[in-house]
1. In region 28-47, which residues are part of a loop (DSSP other than H, G, I, E, B) and closer than 13 Å to Asp98 by Cα?
2. Given the options Leu246, Leu225, Leu199, name the one that is open to solvent by 30 Å² or more (accessible area, probe 1.4 Å) and in contact with an Asp or Glu (Cβ under 8 Å, 6 or more places away or on another chain).
3. Looking at region 158-177, which of its residues are outside any helix (DSSP H, G or I) and open to solvent by less than 10 Å² (accessible area, probe 1.4 Å)?
4. Considering each residue of region 106-153, count those that are of a type in the set (D, E, K, R) and either touching a Pro at 6+ places or on another chain (Cβ under 6 Å) or at pLDDT 95 or above (or both), and give that number.
5. For Ser189, all conditions in the list (1) open to solvent by 10 Å² or more (accessible area, probe 1.4 Å); (2) at pLDDT below 90; (3) within 20 Å of the chain's Cα centre (by Cα) hold save one; what is the number of the exception?
6. Report whether or not Arg64 is at pLDDT below 95 and among the basic types (Lys, Arg).
7. Among the residues of region 146-157, is any of a type in the set (Ser, Thr, Tyr), in contact (Cβ under 8 Å) with a residue 12 or more places away in the chain and assigned to a loop (DSSP other than H, G, I, E, B)?
8. Residues in region 271-298 that are loosely packed, with under 12 Cβ neighbours inside 10 Å and at pLDDT below 85: how many?
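The values are calculated or read from the model by the stated rules, or taken from the named source; none is laboratory data. As the structure is a prediction and not an experimental result, all values here were calculated from the model. So basically every Cβ, Gly included, is an ideal-geometry build from the backbone, and we count neighbours across all protein chains shown. Note: accessible area is taken over every heavy atom of the protein model, side chains too, but ligands, DNA and RNA are not part of it. Shrake-Rupley method; radii C 1.70, N 1.55, O 1.52, S 1.80 Å.
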Amino acid sequence: MATIPMSAGDLGIDYRRFTPVFVFASGKGGVGKTTLTGNNATKTAAEGIPTLAIDANGQGNLRREFGIGEGDGGKAFVQALRDGTPLVPVKTNRPNLDVVLGGKELRAINAVFMDIATASGPIAAFCRLAQCLQPLLSKYGVIWIDAPPENPNVLTLCLCASRWLVTPVKMDVCSLEDALKDISDTFKSARAVNPLLQLLGVVHFGSPSGATSIHREVVTEARRLLGNSTHVFEESIHASPKSAKLARELGLSVWELEQRARDEDKRMAEQISNLAGAHNNLTTALLRQMRTRLETTA
C-alpha cells in the first residue's frame, strides 16, 4: 500500500526554491489579474530576466496579452498535472518570455484534483502544481501566475505553488468584500501546506487616475479585512479602457504600445504613456517589496 504524503516535503517539494514565484489571485473576477500578469511578465522579460507566465484560467485570456494564438487550450497543462510531470512552456515571440497556456481544457482540473486526492491524499492534490513547477525553477528569474477566482481547487493549487501572493482589488463593496475575504480564507488554507507563502500586498486597480481619496479608502478597507500590517501598494493602476483595449487587441503590453503610439497615434500617446508608467512603477515596486521581505526574514 502506497504511503500517503502528510506534507509537501514528503513529495520532495522544497518551498525555499520558490522565491521567484508570484501569484495574482483574488476572490473575484474582473479585478485586473490577467492584465497585471501580462504586463509584469513582458516587463521583466524585456529587462533581461528569464520569465515564465502561467495561465491557470479556463478562459485562457493571458495569451491575448502576448498576442499569441489559442494553442492547445491548456491540454498540456492538464496532462502535466494528471501525470505529475514538469509543465511544458511555450515560447513567445519575445526574448526571455515563455508561457504555460490555459484555456477551456482546464475545466478538467477539478476531476484531476479529486482523482489525486482519492489516490494519494489531499496534500498530494494541493501540491501537484508545485511538483510540476519545481523542475522549471532553475530556468527562470521570475514566474508570474494568473490564478482563477471561480475555481477554489485551482486557486489553492496556485497558492501552494507560489511564494508571493498579490491581490488586486477594485474600489467597490463587492470587490473588496468578496475579493479580500475569500482570498484570505484560501490563503490561510494554503499556508497550512506552504508555510513560506506570504501576502506581498494589495494592488488598487481600475479607479480614475489621481483618485487619491479612493486609494485611501482601499488602504483602510484592505487593512480592516486583512489586518493592519497589510501592505497596500502606492503604485496603483488607474482605469484607461481605450488604452487597455487597444493593447489587448494588438497583443502588446501597455509599455510596448507606448513605443508604437509615439509614432502612430499621437492622440492616445499621452494616456498610454501614463498607463505604461503606472505598470512599470508597479513592476519595480513588486520586486522591491519582495527583496525587502527577503532581507527582513533572512
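1. Of everything in region 28-47, nothing turns out to be part of a loop (DSSP other than H, G, I, E, B) and closer than 13 Å to Asp98 by Cα.
2. Leu225
3. Cys160, Ala161, Ser162, Trp164, Leu165, Val166, Thr167, Pro168, Val169
4. So the count comes out to 4.
5. Failing condition for Ser189: (2).
6. Yes: the conditions hold for Arg64.
7. There is no residue in region 146-157 that is of a type in the set (Ser, Thr, Tyr), in contact (Cβ under 8 Å) with a residue 12 or more places away in the chain and assigned to a loop (DSSP other than H, G, I, E, B).
8. 2
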